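Quick note: the coordinates plus some simple rules give every number you see, no bench work behind them. Because the structure is a prediction, the values reported are computed rather than measured. Every residue, glycine as well, gets a Cβ built from its backbone with ideal geometry; the counts of neighbours run over all protein chains shown.
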Amino acid sequence: MKSTNRLLLAACLGMSLTLAACKKEDAPAQPAEAAAMTAPTTSDDAAWKKYLQDVVPRNMGNISNPPIMYYLPAETDPDFQGKYDRLAEQVSNAAQRGVTSGNMVAFGSPVSAKMADLIVAAFGKASAGSFKGARVLFVGAAADNDRVKAAVAPSGADYVFVEAK
């Protein structure tokens, strides 16, 4: 009786090991990446913010820290000038301090030219190399790319441009 139990136990153990060895580990299916959104054709803040929340993560590269995002509303906003002035001061202060390696600063607005003006002015106060290892993303019009790129270059940032289209 003991030998029969032992044989049955050995057979069961052998079957378990055989099944475990044969069992394939199915890798979880990778979800298909959603198609990129297109830029809103209106100055609707909610639509622009949603668009930028789609574009920014797609351009993080090797950055793993949450991005620092700056948004300027359309000129139709009743307090546009006040918001522009406050954002300009905030970005200027950040540019003067610099950003540590491994971080990303993203800029976007339905008024690309005004956002470009703000970036150019702020980075004019940045120290050379103060953004080394950091990434600066500008989402705007192609017409504004070159001047923003030139203003950001001395900071040492990895500059990325995405045309809002």
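Per-residue counts of other Cβ atoms within 10 Å, averaged by peptide: what ranking do you get for 140-148, 61-69, highest first?
Per-residue mean Cβ counts within 10 Å order the peptides as 140-148, 61-69.
Give me the orientation-averaged projected area of the Cα convex hull of the range 121-165, in nm², one decimal.
Mean orientational projected area (the range 121-165, Cα hull): 2.8 nm².
Obtain the radius of gyration and the Kirkwood radius of the range 34-165 from its C-alpha atoms and give Rg over Rh. Display every interim value, and only then the final one.
Details: Rg = 13.8 Å, Rh = 14.7 Å.
Over the Cα atoms of the range 34-165, Rg/Rh equals 0.94.
What residues have an amide H closer than 5 Å to that of residue 68, excluding those fewer than 5 places away on the same chain, when H is modeled at 1.01 Å from N in the peptide plane?
Answer set, sorted by chain and number: 104, 105, 106.
Take the cross-link list 114/149; 49/125; 83/132 and give me the ones stretching past 25 Å between alpha-carbons.
49/125; 83/132
Rounded to the nearest 20 debye, what is the charge dipole size of the range 57-141 about its Cα centre when +1 sits on each Lys and Arg Cβ and -1 on each Asp and Glu Cβ?
The dipole of the range 57-141 has a size of about 420 debye.
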